[in-house]
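The values are calculated or read from the model by the stated rules, or taken from the named source; none is laboratory data. The structure displayed is predicted, hence computed values, not measured ones. Note that we place each Cβ from the backbone using ideal geometry, even for glycine, and neighbour counts take in every protein chain shown. Just so you know, the surface numbers come from the protein's heavy atoms only, side chains and all, with ligands and any DNA or RNA stripped out. Shrake-Rupley method; radii C 1.70, N 1.55, O 1.52, S 1.80 Å.
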Amino acid sequence: MSRHAQKLRDHDINPCVAETDATTKCLDENNYKKDMCTAYFLKYKNCRKFWHAIMMQRRRNGVKPEMPSADERKKILESVG
């Protein structure tokens, strides 16, 4: 696996690994008919949008690292509900 691919699979770097996997699985099961997986695409898009906003807020506040770790993200999601 390439270095870039390893980063994409790292839960500390990519907060949307589960959504990516679910989307890929849906596409595989539905012979890559994208219209059958619209809900999965939306979940992925919402995940990316949410964590991007968190990352930008942390960047503005000078918090390092900009992307929270997997444990921190779990606590953030629990506080949001």
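Couple of notes before you dig in:
- Under Karplus coefficients 6.51, -1.76 and 1.60, residue-wise ³J(HN,Hα) of the range 57-74 in Hz, glycine/proline x: 5, 5, 5, 4, 7, x, 7, 10, x, 5, 8, x, 5, 4, 5, 5, 5, 4
- Taken per residue, the accessible surface of the chain reaches 78 Å², heavy atoms only and a 1.4 Å probe.
- For the range 1-63: relative contact order, % (alpha-carbon pairs under 8 angstrom, 6 or more apart): 26 percent
- Pairwise label distance in nanometres, ASP10 with ASP35, each label 7 Å out on the Cα-Cβ vector: 4.0 nm
- Fluctuation leader among GLU19, GLU29, GLU66 - the chain, Gaussian network, Cα springs under 10 angstrom: GLU29
- The loop-placed trypsin sites (Lys or Arg not before Pro) in the chain, going by DSSP, that have at most 16 neighbouring Cβ atoms within 10 Å of their Cβ come out as LYS33.
- For the cross-link pairs LYS33/LYS75; LYS34/LYS75; LYS25/LYS75, the ones whose C-alpha atoms lie over 30 Å apart are LYS33/LYS75; LYS34/LYS75.
- Taken over the Cα atoms of the range 3-79, the convex hull encloses 103 Å³ per residue.
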